1. Can you tell me how many residues within the stretch B:266-296 are surrounded by fewer than 15 Cβ atoms within 10 Å (Cβ to Cβ) and farther than 20 Å from B:I2 by Cα?
2. How many of the residues in the stretch B:313-326 are surrounded by 17 or more Cβ atoms within 10 Å (Cβ to Cβ) and within 14 Å of chain A (Cβ to nearest Cβ)?
3. If you go through the stretch A:76-84 one residue at a time, do you hit one that is more than 10 Å from chain B (Cβ to nearest Cβ), more than 30 Å from the chain's Cα centre (by Cα), more than 20 Å from A:I194 (Cβ to Cβ) and part of a strand (DSSP E or B)?
4. Considering each of A:T166, A:T174, A:T146, A:T95 in turn, give the residue that is polar (S, T, N, Q), touching a helix residue (DSSP H, G or I) at 6+ places or on another chain (Cβ under 9 Å), surrounded by 18 or more Cβ atoms within 10 Å (Cβ to Cβ) and within 11 Å of chain B (Cβ to nearest Cβ).
5. Quick one: which residue in B:Q55, B:Q12 is surrounded by 21 or more Cβ atoms within 10 Å (Cβ to Cβ) and in contact (Cβ under 8 Å) with a residue 24 or more places away in the chain?
6. For the stretch A:177-194, which residues satisfy the criterion of being touching a strand residue (DSSP E or B) at 6+ places or on another chain (Cβ under 8 Å) and surrounded by fewer than 16 Cβ atoms within 10 Å (Cβ to Cβ)?
7. Going residue by residue through the stretch A:235-255, is there one that turns out to be in a loop (DSSP other than H, G, I, E, B) and within 26 Å of A:P171 (Cα to Cα)?
8. Out of A:L297, A:L270, A:L284, A:L304, report the one residue that is in contact (Cβ under 8 Å) with a residue 40 or more places away in the chain and surrounded by fewer than 22 Cβ atoms within 10 Å (Cβ to Cβ).
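The values are calculated or read from the model by the stated rules, or taken from the named source; none is laboratory data. Owing to the predicted nature of the structure, the values given are computational and were not obtained by experimental measurement. No Cβ is skipped: glycine too gets one built from the backbone with ideal geometry, and neighbour counts run over all protein chains shown.
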Amino acid sequence: MSVAIELKDITKTFGSVVANDNVCLKVDRGEILSILGENGSGKTTLMNMIAGIYFPDHGQIFIDGEEVVIRSPKDAFRYKIGMIHQHFKLVDVFTATENIILGLEDQGKYNLKKAAQRVKEISEQYGFEIDPMKKIYEMSVSEKQTVEIIKVLYRGADILILDEPTAVLTPQETQKLFAVLRKMRDSGKAIIIITHKLHEVLSLSDKVSVLCKGKYVGTVNTAETNENQLTEMMVGKKVTLNIDRSEPKNCEKRLEVCDVSCMNREGVKLLDDVSFTAYSGEILGIAGIAGSGQRELLEAIAGLQHISEGDIYYHNPKTGTTDDLRDKTPLEIRELGVRLSFVPEDRLGMGLVGNMDIVDNMMLRSYRRGKGMFLERKKPKSLAEDIIKQLEVVTPSANTPVRRLSGGNVQKVLVGREIASSPTVLMAAYPVRGLDINSSYTIYNLLNQQKDKGVAVIFVGEDLDVLLELCDRIVVIGSGRITGIVDARTTTKEEIGLLMTKTEAYKEDKAHENA
Amino acid sequence: MIAAFIQRAIMQGIPLLFGSTGEIITEKSGHLNLGIPGIMYVGGISGVIGSFFYQHSVEQMNPVLAVLIPFGCSLLGSLLMGLIYCFLTVTLRANQNVTGLALTTFGIGVGNFFGGSLTKLSGTGATSIELTQASIYFKTTFPFADKLGWVGTIFFSYGFMVYLAVIIALVAAYVLKRTRIGLQLRAVGENPATADAAGINVNRYKYVATCAGSMIAGLGGLYYVVDYMGVWSNDGFGDRGWLAIALVIFAVWRPNVGILGSFLFGGLYIVHTYIQIPGFGIAEQELFKMLPYVVTIIVLVVTSIREKRESQPPASLGLAYFREER
């Protein structure tokens, strides 16, 4: 076997963030290499550099032993590298064949029939099932993926990169895909596959390379490793953060999520039979790989996501009654004191309006309460000034558009506003994303203060170290199912890491119920 | 009389056909050019300027030059307008609607300014510019048209630009549907990120399509002034530019459908002179002029109900593309 592609000391930085730090990688022909790592460990960035989308800051790439420079996707094609992106790059109103030949120029006369014939040949060779004349918008997700794979094969690629190909597939479709990939390996192609799922890594690949926070951890032969070793490599060593954590006090049931399922428009289950209980006076962490259903879960509680099955019970501390949130509008849920502060990827997407100033953004929550037809600006203004002072928001004034504030300050404004209404349930999703250490600690302290006040805090986080030190209990979610509920004081990173990559459902047992 | 009606309908439809073919090509690249009315106006006045100065600089006009000079000037004028639009919306990624509307206002201003200036230069005291001689050359048609009765009237009685409009529309339809260039252009308009990843130069396609579209649209203005009217008067072009944009929707982004659509629109536009309804004065007859728009709305309703993906506008129409914004 010969080495197909080799990376040496590849480094890539975005601003001050180091996405890849001296990463080395080697794939032979006729071999499947898995790249394993948590979110943000730099897997996709690394692959994008092979595919010509990014250019490395330094380091070398060798193909068949010769050093090459890949500046664009076209260069990558020339070296017979094909990448199947996580988000498909297909034109909806085109047929499979039209998409496959898009951008190909030196192929003689434009002849769709001949191209369709060739697509058929490739499909038969590797055992795909595809109608070359079918329009993309009529296709299922797995068919679209097949088109993407044929697209790179049509271009003659013999080094294939697949970025989380199984994330969107059902187990049966995954098995089919793996069969095809094995066939390709046997015909001498080099295959790199990015995935989070440990059992897939173990069942499919020949070698595994692990990245952790942009650093290259190591490569092991799949035959000589096991889940525990891989998890350990993936999550890295434990870091102590010294977040003050008080013991939960006066715990009462506040929010009960019972067997909740949600579906998207295509009928795929985003949440599958999710059950847990959130208590007052504790911080409940939610851990999981990005896109496993965290967002849907919070939205379901806030009334923004339609629940197809199950109930969410809210125990009202003021009246002592129990309400089913399922039948309530988002506004009613909010009035009950259930607050959602969601920091999405683009930060300003949900919750704040970028072009409006801090005062106006405060009013988004309170404008209904005004008397008469004119808005009342005094109270929101004093609230805005309080938040600026207490949370040390760095801003020229309360009248500066939120868009102009830095990420950390935007998040402080958002969290501050939700806290100001003295909630009984506070949900914070990724509240420290993109923040520096000091701002992060401000947010942690805020959440802890709320906890001490008897609020049920639900914290969705990415960093396992933070989850372990901040939360009292951690719910682990994988592919829309709850894969485990653990005590944050006694668990380990490895345990959570393993649970994150599992897909079997876990049912809450009674021991944890009384925690 | 029916033959004469069809003939007039076709002649009325030709400026719309030029405009809509140009706009379809532009929109297929993902750019909604609302500057088309202005560009057609500029196309018209540019031709008039060329024709005017040629007419006044020689004693006896050469028929070939009398056609080629306005033709070239018109193409140049509308190309410049197209380049302004491209620079703003493709390179600087300005808002396409605002840019287009501004360009329409600008184009009409330019046209009226030069129209007024030329009127003064001609010194006849008239409020319009006569292009009688050039118009005769433009209108030159098949010599045998008269001998064929109604067939001749309907099919062979027009100047060359009428046939040119139909040919351009047919060629555009063929290129869009059956060639690699068409496939790639459509990909750019549907999903520029995908086209980019496939190694297509997105900005080049946008520039070329928009500029070519502008030039074709500009010919519509030229045809209207030099061939159809034979005289330039300020604001004489009316709402034909907007009608051309409506025709794009009517034709569901297919230039070959646009040919028939333009004749239909032309017919609807002049039908009021043929139908006499008692009690309808000149003012009321203007109501008929809204018929093309009514038909367009009906087409919009029908295509929206049918939800056929192929008859929807290009998916990224009106959106600027910037590679780093993934």
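1. Looking only at the stretch B:266-296, we keep the residues that are surrounded by fewer than 15 Cβ atoms within 10 Å (Cβ to Cβ), and these are B:273-284, B:286-287, B:290, B:294.
When the remaining residues are screened for being farther than 20 Å from B:I2 by Cα, the result is B:278-284, B:286-287, B:290, B:294.
Residues flagged as surrounded by fewer than 15 Cβ atoms within 10 Å (Cβ to Cβ) and farther than 20 Å from B:I2 by Cα within the stretch B:266-296 amount to 11.
2. 5
3. no
4. Values: A:T166 fails: within 11 Å of chain B (Cβ to nearest Cβ); A:T174 fails: within 11 Å of chain B (Cβ to nearest Cβ); A:T146 fails: within 11 Å of chain B (Cβ to nearest Cβ).
Being polar (S, T, N, Q), touching a helix residue (DSSP H, G or I) at 6+ places or on another chain (Cβ under 9 Å), surrounded by 18 or more Cβ atoms within 10 Å (Cβ to Cβ) and within 11 Å of chain B (Cβ to nearest Cβ) holds for just one of A:T166, A:T174, A:T146, A:T95, which is A:T95.
5. B:Q12
6. We begin by selecting, within the stretch A:177-194, every residue touching a strand residue (DSSP E or B) at 6+ places or on another chain (Cβ under 8 Å); these are A:181-182, A:184-185, A:189-194.
Once the filter is applied, which keeps residues that are touching a strand residue (DSSP E or B) at 6+ places or on another chain (Cβ under 8 Å) and surrounded by fewer than 16 Cβ atoms within 10 Å (Cβ to Cβ), the stretch A:177-194 yields only A:R182.
7. Just the residues of the stretch A:235-255 that are in a loop (DSSP other than H, G, I, E, B), to begin with: A:236-252.
If we keep only those that are within 26 Å of A:P171 (Cα to Cα) as well, we get none.
So far as the stretch A:235-255 goes, no, none of its residues is in a loop (DSSP other than H, G, I, E, B) and within 26 Å of A:P171 (Cα to Cα).
8. On the way: A:L297 fails: surrounded by fewer than 22 Cβ atoms within 10 Å (Cβ to Cβ); A:L284 fails: surrounded by fewer than 22 Cβ atoms within 10 Å (Cβ to Cβ); A:L304 fails: in contact (Cβ under 8 Å) with a residue 40 or more places away in the chain.
Matching residue, one of A:L297, A:L270, A:L284, A:L304: A:L270.
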